[in-house]
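Reviewing the structure listed below.
The values are calculated or read from the model by the stated rules, or taken from the named source; none is laboratory data. None of the values given here were measured: they were computed from a predicted structure. Quick reminder, even Gly has a Cβ in these numbers, built from the backbone with ideal geometry, and neighbours come from all protein chains shown.
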Amino acid sequence: MKNKIEEIKQQLADIKVESKEQLEDFRLKFLSKNGSIQSLFADFKNVPKEEKPKMGQLMNILKKDAQAIFDQLKSEIKSDNSTEEKKIDLTMPVNFEKPGARHPISLVRKEIIDIFARIGFTISEGPEVEDDFHVFSALNFPPEHPARDMQDTFFIEKDPDVVLRTHTSSVQVRVMENTTPPIRTISPGRVFRNEAISARAHCIFHQVEGLYVDKNVSFADLKQTLMYFAKEMFGEETKIRLRPSYFPFTEPSAEMDVSCNICGGKGCNVCKYTGWLEILGCGMVDPNVLNQCGIDSEEYTGFAFGMGVERIAMLKYQVKDLRLFFENDLRFLDQFQGAIW
């Protein structure tokens with residue numbers, strides 16, 4: 001123990017620190033919890049009982065000396081920096097220009113589009129103000145169907161119904177009406193629902209919905225497509241699981257979860273200790289929907305999926321309050337300054 005103390009004393013005597021980086025290295029080497037001085041205290045229990053008073057005194061002196069040297073070096077470096085600051089030309093004009101940053105929703109939307117573009121999906125867009133047929137009826141929502149209550153709608157006019165679209169599935173209907181299969185497209189866009197604004201919900205949000213219609217399309221194709229997306233978005237170690245669900249326009253239907261990218265599937269407060277996070281709904285396109293859009297359901301099959309962009313962004317950037325995406329707080333948005341478009 002005494003030899004170790006003398007060795008550290010010699011190291012302190014020979015130390016040379018000329019920058020903030022070297023000062024931090026000094027702190028980590030000697031004064032941090034994992035530093036060499038702290039390791040002496042950890043080994044103190046192995047010192048013979050009769051030697052402990054003397055060794056303890058030497059160790060305390062060593063620690064105080066190291067702290068004093070650190071404080072002195074810190075003061076000297078700070079003084080040097082102050083001298084350098086005085087050399088700044090105060091007559092130079094001030095530049096108040098600050099580069100902008102892409103909004104996190106735009107970044108995630110672009111990333112989702114790029115992932116699906118790599119496997120042949122095109123982009124389709126449509127109007128945000130829609131009619132009842134494209135938002136509900138063509139998607140297997142008969143009048144008075146209880147499933148319509150799943151989506152609280154903003155109505156613009158009644159008789160005929162004109163609404164703010166509640167999902168971008170309306171774009172898929174327009175694509176199927178005007179395109180002969182094979183169809184492989186995604187529909188990114190803004191949607192609206194009459195919901196109370198909270199940390200988990202908003203009346204305005206963004207979706208990306210996907211559609212693939214062709215001969216012999218199966219649920220296995222859907223699963224492989226979504227697995228590819230999950231691994232590209234959240235990392236190669238990501239796992240997925242599909243749980244049975246219900247949507248009027250798909251049969252069978254499923255909800256898809258991904259393994260929590262925060263705890264690695266071990267369980268944390270974000271995934272409510274399940275190890276899984278729900279990110280999208282999906283399923284095989286109901287034959288009634290294909291027939292409504294003029295596609296022969298005896299000849300063609302297809303799958304569809306839909307995800308909230310805000311939900312993906314919350315998981316990707318570990319944002320816990322949905323409202324931050326809409327408040328335009330520069331303190332929040334500046335965090336994405338270095339993100340690549």
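Figure legend. Inter-residue proximity from segment 20-32: first residues closer than 14 Å to I8 by Cβ and modelled with pLDDT under 85, second residues of a type in the set (G, A, S) and assigned to a helix (DSSP H, G or I), beta-carbon distance below 8 Å, spacing 6+ or different chains. Indicated pairs: K29/S36; F30/S36; F30/A66; L31/A66.
Residues in segment 171-220 that are farther than 15 Å from F303 by Cα and of a type in the set (S, T, N, Q): N178, T179, T180, N194, S198, Q207.
Somewhere in segment 270-292, is a residue exposed (fewer than 15 other Cβ atoms within 10 Å of the Cβ) and of a type in the set (G, A, S)? No, because not a single residue in segment 270-292 is exposed (fewer than 15 other Cβ atoms within 10 Å of the Cβ) and of a type in the set (G, A, S).
Does at least one position in segment 199-207 carry a residue that is closer than 18 Å to V135 by Cβ, surrounded by 20 or more Cβ atoms within 10 Å (Cβ to Cβ), among the hydrophobic types (A, V, I, L, M, F, W, C) and in the same structural domain as E111 (by TED's automatic domain parsing)? Within segment 199-207 (the criterion being closer than 18 Å to V135 by Cβ, surrounded by 20 or more Cβ atoms within 10 Å (Cβ to Cβ), among the hydrophobic types (A, V, I, L, M, F, W, C) and in the same structural domain as E111 (by TED's automatic domain parsing)), the answer is no, since none of the residues qualifies.
Go over the candidates Y212, Y246, Y228 one by one and state the one that is more than 28 Å from H134 (Cα to Cα) and among the aromatic types (F, W, Y).
From the options Y212, Y246, Y228, the qualifying one is Y228.
Filtered by the rule that a residue be at pLDDT below 80 and of a type in the set (A, V, I, L, M, F, W, C), segment 63-91 gives I77, I88, L90.
For every residue, the table says whether it meets (1) closer than 17 Å to P248 by Cβ; (2) within 24 Å of the chain's Cα centre (by Cα); (3) at pLDDT below 85.
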| residue | (1), (2), (3) |
| --- | --- |
| G100 | no, yes, yes |
| E111 | no, yes, no |
| I119 | no, yes, no |
| D131 | no, no, no |
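Do you know which residues across segment 44-75 are of a type in the set (D, E) and surrounded by 13 or more Cβ atoms within 10 Å (Cβ to Cβ)?
Within segment 44-75, D65 is the sole residue that qualifies.
If the condition is being in a loop (DSSP other than H, G, I, E, B), surrounded by fewer than 14 Cβ atoms within 10 Å (Cβ to Cβ) and not β-branched (V, I, T), then segment 94-124 contributes N95, F96, E97, K98, P99, G100, R118, G120.
Whether any residue in segment 229-251 is under 21 Å from the mean Cα position of the chain (by Cα) and among the aromatic types (F, W, Y) is what I want to check. The answer is yes, given that some residue of segment 229-251 is under 21 Å from the mean Cα position of the chain (by Cα) and among the aromatic types (F, W, Y). Identification of helices (runs of 4 or more DSSP H) wholly contained in segment 1-64 with 3 or more residues that are over 17 Å from E76 (Cβ atoms) yields 2-14, 36-43.
Scanning segment 252-266 for residues that are surrounded by fewer than 17 Cβ atoms within 10 Å (Cβ to Cβ) and modelled with pLDDT of 95 or more yields one hit, P252.
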